[in-house]
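Throughout, read-outs are computed from the coordinates displayed, never taken from laboratory work. On a predicted model such as this, the values are computed, not experimentally measured, just so you know. When we count neighbours, we look across all protein chains shown, and the Cβ atoms used for this are built from the backbone with ideal geometry, even at glycine.
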Amino acid sequence: MRVSNHEPQEPLWRHVVGGVLRRERLAQERTLKDVADAAKISMPYLSELERGRKEASSEVLAAAARALGLGLADLLARAQADLVRPARTRSAAGRVAAPAGDGSAVSATGLRRVRTVRVPGPGTRQARLRLAA
């Protein structure tokens, strides 16, 4: 059965979890290498996880979460919050409205969300994260 082009598609779990991992790593101002070493997984594999290109086992997700100072339950709760948030903000036109002030937006097809994140530290830097929605 085909899904209508007018309805936003459900996000893939690997994209949501990967986005949570990347946002947390960037918020902590840590490198891929640092987190991968702490989690005892390869840096390319962690990169693939963050970009939503790989499905990780629960053991790998738990190791990545621990390396970021999170429990597996924390990681899953944040991913769940990302899944629920767009559903709450759907407009009558089928687009997802951006929550106030976070810089995110979703296309009318619901396929791509871009969020600008301010990373605290010496001088203000900005990173643009592309998260499939």
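A compact table of results
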read-out: Neighbour net charge for residue 62 - beta-carbon separation under 13 angstrom, K R +1, D E -1; value: 0
read-out: Neighbourhood net charge (11 Å Cβ-Cβ; Lys/Arg +1, Asp/Glu -1) for residue 43; value: -3
read-out: Quotient of Cα Rg and 2.2 N^0.38 Å for region 11-59, N being how many residues it contains; value: 1.04
read-out: Per-pair calculated FRET efficiency, R0 = 30 Å: residue 74 and residue 47 via Cβ, rounded to 0.05; value: 0.90
read-out: Karplus-derived 3J(HN,Hα), 6.51/-1.76/1.60, for each residue of region 25-36, Hz, glycine and proline x; value: 4, 5, 4, 8, 6, 10, 8, 4, 4, 4, 5, 4
